[in-house]
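The structure appears below as structure tokens.
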Amino acid sequence: MSTDYVKKGDGLLEQKKYLSAELQYRKAIILKKNVKAQERMDLSKKAQTNVLELELFYAEKDNLDQLNLFSKVKEVPENAKNAVVLSKTLIESGEYQLAIVAADTALQMDPGYDIAKEYLSIANKETSNLTELSPDAQRFYDLKE
């Protein structure tokens, strides 16, 4: 039964639904001291602030689409403009956390690049819009409505 919760958590983690994944991993840990669940929960927490932490997880899951995106983001672009183009493409495809990495790369290459700042801002805003509420916070807001 503990492994069922780990599998559910993995599915949610692949979707970058970090809090929901953590909840499943916590259930697995409560049922049985599950080392894998603890490791996955730690990974989920790290990935909330650095999506690149998920690279080994996606490799384990054979998620080639995500691995290809990670590869693109980790490549050093020729110039800041190419990094911004990648950030724009990632935003358009809903990969906001990866878009942050690309926009940040552009700003490291050219700190005054205003368009890179704009894309970084957009990606950060969209990432925050996707942030899940904890179950307690969700119940609080449900009660207020």
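A few notes on this one:
- Placing +1 on each Lys and Arg Cβ and -1 on each Asp and Glu Cβ, with no other charges, gives the chain a dipole about its Cα centre of roughly 640 debye.
- Neighbourhood charge, 14 Å Cβ-Cβ cut-off, centred on Tyr119 and excluding it, Lys, Arg +1 and Asp, Glu -1: -3
- The order of the peptides 37-48, 66-77, 14-25 by mean Cβ neighbours within 10 Å, most packed first, is 14-25, 37-48, 66-77.
- Cα-based Kirkwood hydrodynamic radius, the chain, one decimal, Å: 16.4 Å
- 3J(HN,Hα) along the range 26-39: 4, 4, 4, 5, 5, 5, 7, 4, 10, 4, 4, 4, 5, 4 Hz, from the Karplus curve 6.51 cos²θ - 1.76 cosθ + 1.60 with θ = phi - 60°, whole Hz, x for Gly and Pro.
- The chain, relative contact order [Cα under 8 Å, separation at least 6], %: 17 percent
- Helix 96-109 vs. the chain, principal-axis angle (Cα, 0 to 90°, nearest 10): 40 degrees
- Positive-pole candidate from Ser128, Gly112, Pro77, dipole of the range 75-130, charges at beta carbon: Ser128
- The long axis of helix 64-74 is offset from the longest Cα principal axis of the chain by roughly 40 degrees.
- Over 27 Å (Cα to Cα) - which of Lys72/Lys125; Lys8/Lys45; Lys27/Lys88; Lys61/Lys81; Lys61/Lys125; Lys45/Lys74 fall in this group: Lys27/Lys88; Lys61/Lys81; Lys61/Lys125
- Helix 2-14 axis versus longest C-alpha principal axis of the chain: approximately 20°, rounded to the nearest ten.
Just so you know, all these numbers are worked out from the coordinates, no wet-lab data involved. Not measured: the values here are computed from a predicted model. Using ideal geometry, Cβ is built from the backbone for each residue, glycine included, and neighbour counts are taken over all protein chains shown.
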